[in-house]
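Written out below as structure tokens is the structure these notes cover.
Here, each number is a calculation from the coordinates, and none is a lab measurement. Keep in mind it's a predicted model, so treat the numbers as computed, not measured. Methodologically, a virtual Cβ is constructed for each residue, glycine included, from the backbone with ideal geometry; neighbour enumeration extends over all protein chains shown.
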Amino acid sequence: MIPITPTLSIDESELQEQFIRASGPGGQNVNKVATAVQLRFDAGHSPSLPEDVRARLVKLAGRRMTEDGMLIIEAKRFRTQGRNREDALERLVELIRQATEAPKPRKKTRPTLASQKRRLESKQKRGDAKKMRRTVPSSE
């Protein structure tokens, strides 16, 4: 089990890893060894995730989430497969941890009387400045 929060954890069997060749640093092994990791997590059908967390995860994941609910994280920052695996797992855990935090509800507020007066006064000044630019019709 992979712990996300004290109350939420994911079973390791829900994750799939695929190793691919990475661009970037690699020395002599760059064209031989598949060091990049593609971590797949089926968030759409995971029994570990509550519905509200799943909905927020879909929003947070953006284009990393496929239409059928598969979350794909690619890690190719490091030269070794092991460190890329750790990096991908850390990024997945952090993304799910962010999705567990419910957004704070917005409280409706009204503008203060002073701010309303300042707004109207600035509008009046702006209008006066524009009036001064107008051409005065000649009285002939």
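State to the nearest 20 debye the size of the charge dipole of the range 2-100 about its Cα centre, where the only charges are +1 on K and R beta carbons and -1 on D and E beta carbons. Intermediate results must be reported in sequence, preceding the final value.
On the way: 15 positive and 14 negative charges, 125 e Å.
Around 600 debye, computed over the range 2-100.
Excluding LEU120 itself, calculate the net charge of residues whose Cβ lies under 14 Å from the Cβ of LEU120, where each Lys or Arg counts +1 and each Asp or Glu counts -1.
Working: positive: LYS117, ARG118, ARG119, LYS123, LYS125, ARG126; negative: GLU121, ASP128.
That works out to +4.
Can you tell me the relative contact order of the chain? Whole percent, Cα pairs under 8 Å, sequence separation 6 or more. Don't skip to the answer; put the middle values down first.
Working: 150 pairs, mean separation 28.6, N = 140.
Reported relative contact order: 20 percent.
So how much slack lies between VAL93 and MET70, counting 0.36 nm per residue of separation and subtracting their Cα-Cα distance, in nm?
On the way: separation 23, 0.36 × 23 = 8.28 nm, distance 1.51 nm.
Length gained between VAL93 and MET70: 6.8 nm.
How much length is gained if the chain between ARG77 and THR7 is pulled fully straight, taking 0.36 nm per residue apart and subtracting their Cα-Cα distance, in nm to one decimal?
Result: 22.2 nm gained on full extension.
Comparing SER48, SER23, SER115, which has the greatest mean-square fluctuation in the GNM of the chain with Cα pairs linked when under 10 Å apart?
SER115
For a quick check, take a GNM of the chain with Cα springs below 10 Å and name the residue from PRO111, PRO103, PRO47 with the largest mean-square fluctuation.
PRO111
Straight distance only, please: which lysines reach the Cα of LYS130 with their own Cα at less than 27 Å, same-chain residues fewer than 8 apart left out?
Excluding near neighbours in sequence, the set is LYS117.
If each residue of separation counts as 0.36 nm, what is the full-extension length gain between HIS45 and LEU60 once their alpha-carbon separation is subtracted?
Fully extending the segment from HIS45 to LEU60 adds 3.7 nm.
Using only helices, what value at 222 nm comes out for the chain when you add -39,500 (n - 2.57) per DSSP H run of length 4 or more and divide by the total residues, to the nearest 500 deg cm²/dmol? It would help to have the intermediate numbers written out before the result.
Values: 3 runs with 52 residues, N = 140.
It comes out at -12500 deg cm²/dmol, rounded to the nearest 500.
For the range 62-102, report the % of Cα-Cα distances exceeding 13 Å. Present the calculation step by step, with values, prior to reporting the outcome.
Values: 481 of 820 pairs.
Counting every Cα pair in the range 62-102, those more than 13 Å apart make up 59 percent.
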